[in-house]
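Read-outs throughout are calculated quantities, based only on the coordinates presented, and are distinct from any laboratory measurement. Here the structure is a predicted model, which means the values were calculated and not measured. In this analysis, Cβ positions are derived from the backbone assuming ideal geometry, glycine residues included, and neighbour counts consider all displayed protein chains.
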Amino acid sequence: MRDNPALVAAAERGPVVPVFIIDTSDTNWAPGGASLWWLHHSLAALRNRLGALSLFKGDPRVLLPQIARASGATSVHWNRCYEPHAIARDTDIKAALKELGVEAQSFNAALLHEPWQIATGSGSPFKVFTPYWRAASAKDSAAPLPPPSSIDVRDVAGGDRLDDWRLLPRNPDWAAGWDRIWTPGEEGALDRFESFVASDLVRYGEDRDRPDLQHTSRLSPHLHWGEISPRQIATHLALAVEGNPAIRSGVDKFMSEIGWREFAHHLLYHYPSLPDRNWRAGFDAYPWRDGAADLEAWQQGRTGYPFVDAGMRELWQTGFMHNRVRMVAASFLVKHLRIDWRRGEQWFWDTLLDADLANNAAGWQWVAGSGADASPYFRIFNPVLQGEKFDPDGDYIRRWCPELKELSNADIHAPFKAKAEALARAGVVLGKTYPRPIVDHDAARQAALAGYRQVKDGAVQPPPAGL
């Protein structure tokens, strides 16, 4: 209801028929299982807030004109999406509505700035984050809108019942307990944001990389699903700094993370092949392994590297993974196991509650070294050292890998190096209660570097914008 320009514009015109359509025409990137869980609860919360919400399933190109005719609508309003499929779809919808004599208006609600509003001095898209965010930060964004002062909500016949969509998992219910962790919906988003500002923001810059401390915002699912907007966040934080200058460094760092989200959408808009193709074409030469058994071990948190395994189990059990651990786990798949980044991208798409096409694709290409402003190919995270640095007491590992909880802090990050008596005291039997490493770090690093040498420097060029 807050900062929803499409809703505000519609409410100013007269009675409003709120509609949500599950788009079945996007066969490449249909929402994954975790996303559908969130969607169910978010739609229920929105329906409760609005008082009515008509639900449909199918191709919006067909359905929206039908709904407009059935409801007698004179105008249709929505907030823009920037995925390639959504851009093409919405263009077709506007044309179809125009033929019916129905006005169509779309608005920006998801970003501080539209992807085409931030450009280099020559007018081309930015390819490096730092100058992009410098330019974006210097440009004022629109102020967030309050909810409509009044709204006359109507229903339309022929809609579906939410429960009939069967978005929630059954037999088994692998999301059992998620409702104790997450509160989808606008009120849940605002509560989470207020808690973050009050409790975590002052140390965000120092502690954001510590998964054992949980000082991150955990707002990414709410942002993805439009339950809170970046304009609300930016405006509130600017006011919060005025009242408490001590949080300025935390605010600056957190806003740069919002900036990464903006940059990812900027890249996806200008380079729509980002989720499917190497941004740097030279990486097409990289010799990926099939590694089906290794992929499965990674997905299930059975790599033998506790910091990686803890992250993959957190993902499966909560629909979320701490950002530092995401980088390490992704690097392990791409650079230790030499499995194509697109296999990891697909797994995250299915299991993350905040699965976002732009963020997911840009993040995986960053890790692989094939994307814009990417991590250097020779930067290969050592999962043991990363765990020792960012989970120094092993609390994160103990939470998600409880079979290792009795190991000392010195042994928990690399149980395969622990002495036999230490393993025995902790009740750990390598290969039985906890797996041995599926790959040796040093050997994997050398193999990865050998593969990257096949990527010729002269061929590592980005695609032309718009292709």
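Would you mind working out the magnitude of the charge dipole of the range 5-109 relative to its Cα centre, with +1 at each Lys and Arg C-beta and -1 at each Asp and Glu C-beta, to the nearest 20 Debye?
Roughly 240 debye, rounded to the nearest 20.
Under unit Cβ charges (Lys, Arg +1; Asp, Glu -1), what dipole magnitude, rounded to 20 debye, does the chain have relative to its Cα centre?
My answer is approximately 760 debye.
For a footprinting-style exposure proxy, rank VAL325, VAL429 by other Cβ within 10 Å, fewest first.
In order of increasing Cβ crowding within 10 Å: VAL429, VAL325.
Can you pull out the trypsin sites (Lys or Arg not before Pro) in the range 94-192 that DSSP calls coil and that have at most 11 other Cβ atoms within 10 Å?
LYS139, ARG161, ARG166, ARG170
Give the long-range amide H neighbours of ALA104: residues separated by 5 or more places, or on another chain, with amide H under 5 Å away, using H modelled in the peptide plane at 1.01 Å from N.
Hits under the 5 Å cutoff: VAL76.
Give me the one-decimal nm value for the distance between modelled label points at ALA138 and THR24, 7 Å along each residue's Cα-to-Cβ direction.
Here the answer is 5.0 nm between the modelled labels.
If I take every Cα pair under 8 Å that is 6 or more residues apart in the range 323-467, average their sequence separation and divide by the length, what percent do I get for the relative contact order? Don't skip to the answer; put the middle values down first.
Working: 116 pairs, mean separation 29.5, N = 145.
Normalised by residue count, the contact order of the range 323-467 is 20 percent.
If you take the square roots of the eigenvalues of the alpha-carbon gyration tensor of the range 5-109 and sort them as a ≥ b ≥ c, do you get rounded (a/c under 1.5), prolate (a/b over b/c) or oblate?
oblate
Go through the range 42-50 residue by residue and turn each phi into a ³J(HN,Hα) via Karplus (6.51, -1.76, 1.60, θ = phi - 60°); whole Hz please, and just put x for glycine and proline.
Residue by residue, the range 42-50 yields 5, 5, 4, 5, 5, 4, 5, 6, 7 Hz.
Could you list THR130, THR27 in order of exposure, starting from the residue whose Cβ has the fewest other Cβ atoms within 10 Å?
Working: THR130 12, THR27 7.
The most exposed by this proxy come first: THR27, THR130.
Could you tell me whether the range 281-459 comes out rounded, prolate or oblate from its Cα gyration tensor? Rule is a ≥ b ≥ c as square roots of the eigenvalues, rounded for a/c under 1.5, then prolate if a/b exceeds b/c, otherwise oblate.
Verdict is prolate for the range 281-459.
Quick check: Cα centre of the range 378-407 to Cα centre of the range 278-293, how many Å?
Value for the Cα centre distance between the two parts: 28 Å.
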